[in-house]
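Here the structure is laid out as structure tokens; the discussion comes afterwards.
The values are calculated or read from the model by the stated rules, or taken from the named source; none is laboratory data. Since the structure is predicted, the reported quantities are computational estimates derived from the model, not experimental observations. So basically every Cβ, Gly included, is an ideal-geometry build from the backbone, and we count neighbours across all protein chains shown.
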Amino acid sequence: MTTVWAGLATGAIYSLIAIGYNIVLLASGTFNFAHAQLLMVGTFLAYTGAVTFGLPVLPTVLLAAAGVAVIALVEERVAIRPLLGRTDSHGTLITTVGAATILDGLAAAIWGRQPLTVPPVLPDEPLTLLGGTVRPVDLALIGFTLVVGVGLHLWSRHTLTGLASLASAEDRDAASARGINVRLLGVGAFAVAGAVAGVFGLLVGARTYAVFDLGHSLALFGFVAIAIGGSGSQLGGLIGGFATGLVYAFAARYIGAAYPQIVVFGVFLLILFLRPRGLFGAALERRV
Amino acid sequence: MLSVTGVTGGYGDLRVLWDVEVTVRPGRITVVLGRNGAGKTSLLSAVAGLLPTVSQGRIELDGQDLAAAPAHRRVRSGLALVQENKRVFRARTVEENLLLGGYTLGGFGLRRGARRAALEQAYERFPVLRERRRAPAGSLSGGQQQMLAIGQALMPGPKLLMLDEPSAGLAPSIVNEVLTMVAALRDQEGLSILLVEQRIEHALEIADDVAVMENGRIITAGPKSAFDDGAVIREVYLGRSGEELAPGNH
């Protein structure tokens, strides 16, 4: 059971990446390749708040949330908006990868290349739960990720703005013709995705350290989570992330520490072959 | 009601509309005719704010110039567009599509207030949509999807309804039903309508005014009575140049 808890805690981070991808994808039709880097910046801002400034938990979380939201808005303004309306829809692939590279470089320049320890917000004494041991901070990470993932899923199905976001993802022009401000939705999605990444900076950093290339390694597993769960489904991203974490943890435990990445990407390829839409993904049909 | 004056625009550097002028009188139907590629859909897109570039001209609804307004603001001003090919949100349910149609009605409650009243009105107008309200829009028949698209556009209570080839891809019996319904919206609800339609005979039956487009320009326009002998229409669809096609000159 300890392996399950470890897999779920790691998987929660992958779920958060997938959720961030989906927030932006659903509202603006853009795949933000820099989202994992936003989570990485969140861990550094959490470190800055908690260690450099010595702030309590809540102000630290607010600092990280606001800081990453602002960075996400700058990314949208610089890397996305100039390309809106262009017929070449692949431009944002390049610009968001560019934004990811810039964020990696800036983080290394500001905070250095050595991992920084983000202090756990809860006692570090492991708990025994359902026959396994788990750190309280990991339990909080799993719980809050579930709350955010399920909450966003319900929001997208049961609120007007959520439905508008799904409609915009399906057909931006048709959504505009219904009076939906698709540009505002897109900007709002970047801000929300950034804020969520920032809020989790403290919990994620406590598990991974704050390190400049964290986004680079997490992004790949976020893709796997999306592939398993299906792009455009918040519930799918949530489940895909946890599933990826569990596969990783069990492969490391029972096959060997050198093999979990190979096994995870094997599952990734299998899903692509057998069910390219993922388990819950709706095909985001687009008219061109 | 709607006055489009000197509108020139297109897709970036590619111009598809040249100095276009069209009017829709209050409570009347203006039908825009023309061959494929004449610029009819682009004209509706320009009025709805969906054409990427409108370099000059005025688009006035009840005297308010909307030429610079983004598409979502035009909907709030009273314009509604039913796009070609029954363009509904196929992955969403019928009811979700209708609720999205009422997006501009205000309030946060999904099924509350004005949106709820408009939803009930849409179901009264199209009872089949109530029966299928939980079905994904993509699973509806072509005729039902067209009803849904029109119902969605009517949700906010527009002043002007624009329809882009509502009969496209529908069986002849359904075409009559759809165009009869369009005429009823004018006759019973006083709605002003700008209709682009390829089925000329059907469209002319319900038209009050006619505008004919060719190569991105309006080549002739006027009351339907000026087109009654069909000569202008025949000449346009047989491919002759638009010169001297003003009603009465043939």
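Would you point out the residue of the range A:148-172, among those that are part of a helix (DSSP H, G or I) and without any contact (Cβ under 8 Å) to a residue 12 or more places away in the chain, that is farthest from B:Arg90 (Cα to Cα)? Give the derivation first.
Let us first name the residues in the range A:148-172 that are part of a helix (DSSP H, G or I), namely A:148-158, A:160-170, A:172.
Adding the requirement that they be without any contact (Cβ under 8 Å) to a residue 12 or more places away in the chain leaves A:151, A:154-155, A:157-158, A:160, A:162-163.
Numbers: A:Gly151: 24, A:Leu154: 20, A:Trp155: 20, A:Arg157: 15, A:His158: 17, A:Leu160: 17, A:Gly162: 16, A:Leu163: 13 Å.
Residue satisfying both the conditions and the ranking: A:Gly151.
One line per residue, one yes/no per condition, for (1) farther than 30 Å from B:Ala149 by Cα; (2) among the small types (Gly, Ala, Ser); (3) at pLDDT below 90; (4) surrounded by fewer than 24 Cβ atoms within 10 Å (Cβ to Cβ):
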| residue | (1), (2), (3), (4) |
| --- | --- |
| A:Ala177 | no, yes, no, no |
| A:Ser217 | yes, yes, yes, yes |
| A:Ala258 | yes, yes, yes, yes |
| A:Leu269 | yes, no, yes, yes |
| A:Arg275 | yes, no, yes, yes |
| A:Gly281 | no, yes, yes, yes |
Got a number for residues in the range B:72-81 being more than 7 Å from every other protein chain (Cβ to nearest Cβ) and among the charged types (D, E, K, R)? 2
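Give B:Pro166, B:Pro156 a once-over and let me know the one that is within 28 Å of B:Leu66 (Cβ to Cβ) and in contact with a Phe, Trp or Tyr (Cβ under 8 Å, 6 or more places away or on another chain).
Details: B:Pro166 fails: in contact with a Phe, Trp or Tyr (Cβ under 8 Å, 6 or more places away or on another chain).
Checking each option against the conditions leaves just B:Pro156.
Can you tell me which residue in the range B:1-26 is farthest from B:Arg217 (Cα to Cα), limited to those that are of a type in the set (Asp, Glu) and touching a strand residue (DSSP E or B) at 6+ places or on another chain (Cβ under 8 Å)? Give the steps one after another, and end with the answer.
Pass one, the range B:1-26, residues of a type in the set (Asp, Glu): B:13, B:19, B:21.
Filter once more, so that each one left must be touching a strand residue (DSSP E or B) at 6+ places or on another chain (Cβ under 8 Å): B:19, B:21.
Details: B:Asp19: 7, B:Glu21: 8 Å.
This residue is B:Glu21.
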In the range A:190-239, residues that are part of a helix (DSSP H, G or I) and among the charged types (D, E, K, R) total 1
Among the residues of the range A:136-188, which ones are of a type in the set (A, V, I, L, M, F, W, C), more than 8 Å from chain B (Cβ to nearest Cβ) and farther than 16 Å from A:Ile19 by Cα? A:Val137, A:Leu139, A:Ala140, A:Leu184, A:Leu185, A:Val187
Which residues, taken from the range B:35-63, are over 21 Å from B:Arg76 (Cβ atoms), within 14 Å of chain A (Cβ to nearest Cβ) and touching a residue at least 60 places away in the same chain (Cβ under 8 Å)? B:Thr41, B:Ser42
Could you check how many residues of the range B:209-229 are touching a helix residue (DSSP H, G or I) at 6+ places or on another chain (Cβ under 8 Å) and hydroxyl-bearing (Ser, Thr, Tyr)? 1
If you take the residues in the range B:136-173 that are among the aliphatic types (A, V, I, L, M), more than 22 Å from B:Leu61 (Cβ to Cβ) and in the same structural domain as B:Ala48 (by TED's automatic domain parsing), which one is surrounded by the most Cβ atoms within 10 Å (Cβ to Cβ)? B:Leu170
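Given A:Thr10, A:Thr3, which one is of a type in the set (Ser, Thr, Tyr) and more than 27 Å from A:Gly112 (Cα to Cα)?
Working: A:Thr10 fails: more than 27 Å from A:Gly112 (Cα to Cα).
When all the criteria are applied, what remains is A:Thr3.
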Any chance B:Asn85 is crowded, with 24+ Cβ neighbours inside 10 Å and among the polar types (S, T, N, Q): no
Please go through (1) small (Gly, Ala, Ser); (2) crowded, with 16+ Cβ neighbours inside 10 Å; (3) within 14 Å of chain A (Cβ to nearest Cβ); (4) more than 19 Å from B:Gly78 (Cα to Cα) for B:Ala118 and return the number of the only condition it doesn't satisfy. (4)
Does A:Thr244 qualify as being closer than 21 Å to A:Ala65 by Cα, of a type in the set (Ser, Thr, Tyr), in contact (Cβ under 8 Å) with a residue 60 or more places away in the chain and in a helix (DSSP H, G or I)? no
Single condition B:Ala67 does not satisfy, out of (1) at the interface with another protein chain (Cβ under 8 Å from one of its Cβ atoms); (2) more than 24 Å from B:Gln144 (Cβ to Cβ); (3) hydrophobic (A, V, I, L, M, F, W, C); (4) in contact (Cβ under 8 Å) with a residue 40 or more places away in the chain: (1)
Only unsatisfied item for B:Leu129, checking (1) surrounded by 15 or more Cβ atoms within 10 Å (Cβ to Cβ); (2) within 14 Å of another protein chain (Cβ to nearest Cβ); (3) in contact with a helix residue (DSSP H, G or I) (Cβ under 8 Å, 6 or more places away or on another chain), is (2)
Selection over the range B:82-100 where residues are within 16 Å of the chain's Cα centre (by Cα) and either at pLDDT 95 or above or more than 7 Å from chain A (Cβ to nearest Cβ) (or both) yields a count of 5
